[in-house]
Structures are given as C-alpha cells and as structure tokens.
Amino acid sequence: MSKNDLVISPTVESTYELLLQDHVIKEVMEFLKIENETTLKDQIELTEIPAPTFSEQVRGNDYRKRLELLGLKDIHTDEVGNVFGVRPGTSSGPTIVVCSHLDTVFPKGTDVSVKHRDGKVFAPGIADDGRGLAVVLTLLKVLNHFQIETKGDILFGATVGEEGLGDLNGVKALFEKKIKDIDAFISVEPGSPSRITYLATGSRRYSVTYRGRGGHSFGNFGIPSAIHALGRAVAMISQLETPSDPKTTFNVGTINGGTSVNTIAAEANMVIDLRSTSQKELLNLEENALKIIHQAAADENKRWDSEDLQVEITQVGDRPAGSQPMDAMIVQAAVAATKAIGFEPILDAPNSTDSNVPISFGIPAVTLGGGGDFGGIHTLKEFFDPTNAYYGPQQILLTLLGLVGMEGVSEPLIIGKKVDLKGGADERSC
C-alpha cells in the first residue's frame, strides 16, 4: 500500500491537532517512555503463567486480579473464559473494546520461564501475546494515572481461544453477547506501531476421512481404497481456480492412512484449509471443495462397482472473512496516530486475528502492534526486544483517544449506538 494512498480527512486531522496540543497528552507520551520497564515486567510475569488454548483459566484469573487492582469496573469472566471490565465514559460516546488474547500455541508442559540474553527476553509466548496483554494493562494504567476522562466507554480485557483450533471462540462469544453494545474494536498483537491490520482473512478447515472395508492388495483386489479416494479428492482440489483479488487459497495440509504396502486402505484422512479475504469467495470455495470430496468417494465406488466406501467430513475451523474501506474512520485514526509518533504507517496485508469477527459484522476494527522487536513466533526460540517498545502503547493510546473522544479536548471520531442521529449520517461515522 503506497503511503500516497492513505487518507486522513480534515475531521481526523483537526482531532489529532487538538489531542497533540493538549499538555496532558504530552505528559502521557513521556510517562509511557518511563513505563517501558514496568510494561516489560508485566509481560514477563504473564508469560510465565502457562496458557495453552482451551487452558487459559489460571492466566485469566491472574489477569482479572490485575484489572481489579487498576480500578476497572464491572469485571466479568464469561462462560468461555474471556475477562473484561469497563472504564466508563462521561457521556453518550461510543463503546470501544481494547484487548489482547490470553492463549498461546504451546501445549501443556512447555517450559515458559523467561531467559534474558543480550538485552532480549526469550520465552515461548513472550511476544504473542504476552506483549499485547501487558500493553492493555499499561493503557488502562496511564488513563487512570492522569485521570483522563473519555467521552465513551472503554471495555478493557482479554479473550481466549485466538490461536489455532481455538478458532477465535473467545471473541465470537464476546460479540454473541455484546454485538449491540460495541461500536469499535482494537486488538493488540506483537508488532511495529507502523503496521495496521484492517482486513480479515477468513478460513474454513475440514478433517476429511474416507472409510471402506479394506483388504489384501492382491487377494481382495477390486474393492474401493480409502487412499485412492483421498488421492482423487486431492487431485481435483489442486485443479480448483480461485481469484487473486480478493485473495482466495486452498491447501491440503496433512494426509495419513493405510496399514502397509500390501493392504488396500480401510481408512485415509486429510485436513484441508480454505481461505479468503471475501466471505462470498470463501463460501464459494467451500461449496466447490465439499462437492469434490463427495465426488471422489462416488468415483472410487463407481470404479469398482461398489457402495462400500463412505466419507466423513468434520469442520475443525471457521474464521470469518471481512473487509472495510482503507479510509474507514478507525483506519484513519490509526494512520494519524502512527504519524503522530514519527512512524510511517503501513496498511498490512489481510490477516487472521480477533479483529476478524467484528470486521465480519461490519463493526470498525483494527489490530495494532504493541511495539518492540520480536522473532521466533510460535517456536520455543520466541523472543522480545524491549528497545523503544513504548512507541506501541503511545500509538494505540492515541488511536483510542481519537476514536472515543477526550473530555474537554476532542469529540469522538466514532459515533456510538447510544447516539440518535436524527439529522442523518455524520462524517465521523463513515
């Protein structure tokens, strides 16, 4: 995305001029520099609490206590394990969510103790999303420290089930209950404050198992083979045509089955991954792939004049796709905030994060970087470099304040559902 393509409207420009001229905001920016070490301390402590997907309770309980100590109101742990509370605004402004995710990709028993080396901290999950969890706490802390009053409410917290087969179940549960209340959403992940994710890559994943009688490769020759049926499916899937824009992809990620070289396979399995930034194209691809899977079983049965072979299809992943204009108000706010701290904003390629869910519902959402450098994501060699990491919280706080409005300084850029726009649409709602 060319920087010349980025749009900042006069409304957004004037909002950020007001914010950046405010003496409290100037003090806040300096305070976040000083807080860099404290944010890192929180990050380390949270990382050292194991939290595999579906086993986030211990870390979630700790996070709730931290939110309580920071004075957050109405803190609630829901039925899936999400932890959220509200920092009330002063008027009928928008309700904005700021969150990270509790879970990591690492299984139970993984050593998550932090090691320090050459100015970096090493531990599985230290960046993803130990950084995001710590930044959310820092944002709440700085708002309270400076007694900043926002016009709208802010829901601070953390979701479960963001990684892998968690399938975004935490953020899905959040919006199932509160979709009518939420006006915008900010997710915090590891990364540079220059990068703004505003497009959602959706995915459907299926485990596909072909089953037959099986038998000896010579003595029982002439009956359907589960592996042959799977091979037919893979061959046909590989010939699917998909658009490059919106980007739409398919992949057979794993295959297994069979007993020995001289056995007609009784069972064979594959797991397929279907993705697109367009929900329409994703559903079209899914329909075609499922037809192929059934067709492969029918063709294998027809080849041997049989009805023995069956196919079982189990959905193991469902992440919604979605898009929003690059000049959406939430994107403009993130761009303006990025420029305000001296970085060149980059609109990132579509990705899969907690923001997928609100974007798919048409609710403004972005995923922003928590600052610092990192590497080895999702490996045992994951690390985080805290040098100048305070830029992340600075950018996210400015984005948030622009959207939610700051009492006595600026109006919200996002119009809340609580507002009755009898006079028609406001530019800030676009």
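Points to keep in mind about this one:
- Computed magnitude of the charge dipole of the chain (debye, nearest 20; Cβ of K, R +1, Cβ of D, E -1): 380 debye
- Flagged links, alpha-carbon separation over 28 Å, of LYS172/LYS417; LYS280/LYS339; LYS108/LYS280; LYS33/LYS151; LYS65/LYS339: LYS280/LYS339; LYS108/LYS280; LYS65/LYS339
- Under 13 Å, Cβ to Cβ, from LEU139 - net charge with Lys/Arg +1 and Asp/Glu -1: +2
- Between LYS417 and GLU287, full extension at 0.36 nm per residue minus the direct alpha carbon distance yields a gain of 43.2 nm.
- Amide H to amide H distances under 5 Å link GLY317 with ARG205, where only residues 5 or more positions off or on other chains count and H is placed in the peptide plane.
- Taking Cα centre as origin and charging only the Cβ of basic (Lys, Arg, +1) and acidic (Asp, Glu, -1) residues, the dipole magnitude of region 94-216 rounds to 460 debye.
- Principal axis dimensions, largest first and in whole angstrom, of region 292-334 by Cα: 63, 17, 9
- Each Lys and Arg Cβ is given +1 and each Asp and Glu Cβ -1; about its Cα centre, region 310-390 then shows a dipole of about 120 debye.
- Cα→Cβ-extended label distance, 7 Å offset, between ASP308 and THR387, nm: 6.5 nm
- Taking every protein chain into account, the 1.4 Å probe leaves GLU27 with about 90 Å² of accessible area, to the nearest ten.
- Karplus-derived HN-Hα couplings along region 37-42 (A = 6.51, B = -1.76, C = 1.60, θ = phi - 60°), whole Hz, x at Gly and Pro: 5, 5, 4, 5, 4, 4
- Anisotropy class of region 162-254 from Cα gyration tensor, a/c 1.5 cut: prolate
- Summed side-chain charge close to MET406 - residues other than MET406 whose Cβ falls under 10 Å, Lys, Arg +1, Asp, Glu -1: -3
- Estimated D of region 1-129 in µm² per second, where Rh is the Kirkwood radius over Cα pairs and Stokes-Einstein applies at 25 °C, 0.890 mPa s: 136 µm²/s
- HN-Hα J in Hz across region 314-326 - Karplus 6.51, -1.76, 1.60, θ = phi - 60°, x for Gly and Pro: 10, 6, 10, x, 8, 10, x, 8, x, 9, 8, x, 5
- Cut-off under 5 Å, modelled amide H: who pairs with GLY89 long-range: ASP153, ILE154
- Toward the positive end of the charge dipole of the chain, with +1 on the Cβ of Lys and Arg and -1 on the Cβ of Asp and Glu, the farthest Cα among ASN356, GLY81, SER238 is that of SER238.
- Relative contact order, percent, the chain [alpha-carbon distance under 8 Å, six or more residues apart]: 24 percent
- What the Cβ-Cβ distance of LYS65 and GLU241 gives, at R0 = 45 Å and to the nearest 0.05, is a FRET efficiency of 0.25.
- Cα shape, the chain, gyration tensor, a/c 1.5 rule: prolate
- Cβ-based charge dipole, region 262-347, positive-most Cα from PRO320, ILE293, VAL331: VAL331
- Rounded to the nearest Hz, the phi-derived 3J(HN,Hα) couplings of region 170-182 under the Karplus curve 6.51 cos²θ - 1.76 cosθ + 1.60 (θ = phi - 60°) are x, 5, 4, 5, 4, 6, 4, 8, 10, 4, 6, 9, 9, where x marks glycine and proline.
- When Rg and Dmax are taken over the Cα atoms of region 68-196, they come to 15.8, 49 Å.
- Accessible surface of the chain [probe 1.4 Å, protein heavy atoms]: carbon and sulfur percent: 51 percent
- The accessible area of LYS339, taken with all protein chains in place and a 1.4 Å probe, comes to roughly 100 Å².
- Ranked order, MET236, MET406 - accessible area, probe 1.4 Å, largest first: MET236, MET406
- FRET efficiency for THR11 and GLU149, using Cβ-Cβ distance with R0 set to 22 Å, rounded to 0.05: 0.55
- Computed lengthening from SER207 to LYS280, 0.36 nm per intervening residue step minus Cα-Cα distance: 24.1 nm
- When ARG64, ARG204 are compared by accessible area at a 1.4 angstrom probe, the order from most to least is ARG64, ARG204.
- Cα-based shape type of region 337-416, given that a ≥ b ≥ c are square roots of the gyration tensor eigenvalues and the cut on a/c is 1.5: oblate
- Over the chain: helical MRE at 222 nm, DSSP H runs n ≥ 4 each giving -39500 (n - 2.57), nearest 500: -10500 deg cm²/dmol
The values are calculated or read from the model by the stated rules, or taken from the named source; none is laboratory data. Everything numeric here is computed off the predicted structure, so don't read it as measured data. Using ideal geometry, Cβ is built from the backbone for each residue, glycine included, and neighbour counts are taken over all protein chains shown. Ligands, DNA and RNA are stripped out before the accessible areas are found, and what is left, the full protein with its side chains, is counted by its heavy atoms. Shrake-Rupley method; radii C 1.70, N 1.55, O 1.52, S 1.80 Å.
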